[in-house]
Each structure stands twice: as structure tokens, then as C-alpha cells.
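The values are calculated or read from the model by the stated rules, or taken from the named source; none is laboratory data. Everything numeric here is computed off the predicted structure, so don't read it as measured data. With ideal geometry, Cβ positions are generated from the backbone for all residues, glycine too; neighbour counts draw on all protein chains shown. Side chains included, ligands, DNA and RNA excluded: accessible areas come from the protein's heavy atoms. Shrake-Rupley method; radii C 1.70, N 1.55, O 1.52, S 1.80 Å.
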Amino acid sequence: QVQLVESGGGLVRPGGSLRLSCATSRSVGNGYFMAWYRQAPGKQRELVASITTAGIINYADSVKGRFTISRDNTKNTIYLQMNGLKLEDTAVYSCNIRNPITTSWGQGTQVTVSS
């Protein structure tokens, strides 16, 4: 099973930017689905952005045009660049990697957008 460690969360003002990182314990082969989820207090967890090992990318409508998911295979790391942050982006962001057999989650990183 792949171990995941997220970093990069913090406190930012509306309109600001953050880059989240998800470091994996080993390289990820073909057939994997990699994603960032978030969960705000009192709300259900939602899918924010995803990327497959084939390079297919999808975003939640609420973050399209503001967030960018990417991966660096040389560093075994998945990124979420978040620009134009809004108050409603406040949540715990978690990284997920899965294939039809296994799934792995990181511990989550807090993102707080506040003026």
C-alpha cells in the first residue's frame, strides 16, 4: 500500500494562493486514480480534483479555473495549486490514490481562508 503525506496547508486571505503537496512512499504505476478531496465542518467530503496515470484531469465545478492538479513523477508527488482562494474553500484537504485493488489516504492538511 502506498503511504501518503500531505503538506502545504495554512491560513490565507481571500484571493490568496496555496500549493498543497502529496508525497507518495513509492512511484505509482499505471492504472491509478489520484485525487484531492476536501471536507469542511458539517459538510460531506467532496472531490476537488483528480488525475489518472493516463493524464486525464477533472475538477469540481466550484474550483474550475482556480485550482490546478499536477504530478511530478521524479519526486513521487502530487500537487494542488490553489489560486483565488475563497472563504468557502476552507476545509481539510486530503490526498487519495487508488486502483481497483487498493486505496490510500493521507492524514489531511488544513486550509483556512479568512480575512
Every residue in the stretch 39-59 that is farther than 18 Å from T109 by Cα and either open to solvent by 40 Å² or more (accessible area, probe 1.4 Å) or at pLDDT 95 or above (or both), please. I51, A54, G55, I56, I57, N58, Y59
Contact list please: Cβ distance under 7 Å, first residue in the stretch 99-115 and within 10 Å of V12 (Cβ to Cβ), second residue in a loop (DSSP other than H, G, I, E, B) and among the small types (G, A, S), pairs at least six apart or on different chains. V111/G9
Those residues that are aromatic (F, W, Y) and either within 22 Å of S62 (Cβ to Cβ) or open to solvent by 50 Å² or more (accessible area, probe 1.4 Å) (or both), I need them from the stretch 24-38; list them, please. F33, W36, Y37
Flag if R45 is of a type in the set (D, E, K, R), over 18 Å from Q81 (Cα atoms) and in contact with a strand residue (DSSP E or B) (Cβ under 8 Å, 6 or more places away or on another chain): yes
Kindly indicate which of S62, S114, S21 is modelled with pLDDT of 95 or more and open to solvent by less than 50 Å² (accessible area, probe 1.4 Å). S21
Output the residues belonging to the stretch 1-18 that are open to solvent by 20 Å² or more (accessible area, probe 1.4 Å), in contact with a strand residue (DSSP E or B) (Cβ under 6 Å, 6 or more places away or on another chain) and more than 23 Å from K64 (Cα to Cα). Q1, V5
Every pair of residues 6+ apart whose Cβ atoms lie under 8 Å, when the first sits in the stretch 29-49 and is among the acidic types (D, E) while the second is assigned to a strand (DSSP E or B) and at pLDDT 95 or above: E46/Y37; E46/R38; E46/Q39
Hey, T74 hits all of (1) without any contact (Cβ under 8 Å) to a residue 12 or more places away in the chain; (2) crowded, with 18+ Cβ neighbours inside 10 Å but one; which does it fall short on? (2)
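Could you please give the count of residues in the stretch 93-111 that are open to solvent by 30 Å² or more (accessible area, probe 1.4 Å) and outside any strand (DSSP E or B)?
Selection size over the stretch 93-111: 5.
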Based on this model, can you work out whether A54 counts as of a type in the set (A, V, I, L, M, F, W, C) and in contact with a Gly (Cβ under 9 Å, 6 or more places away or on another chain)? yes
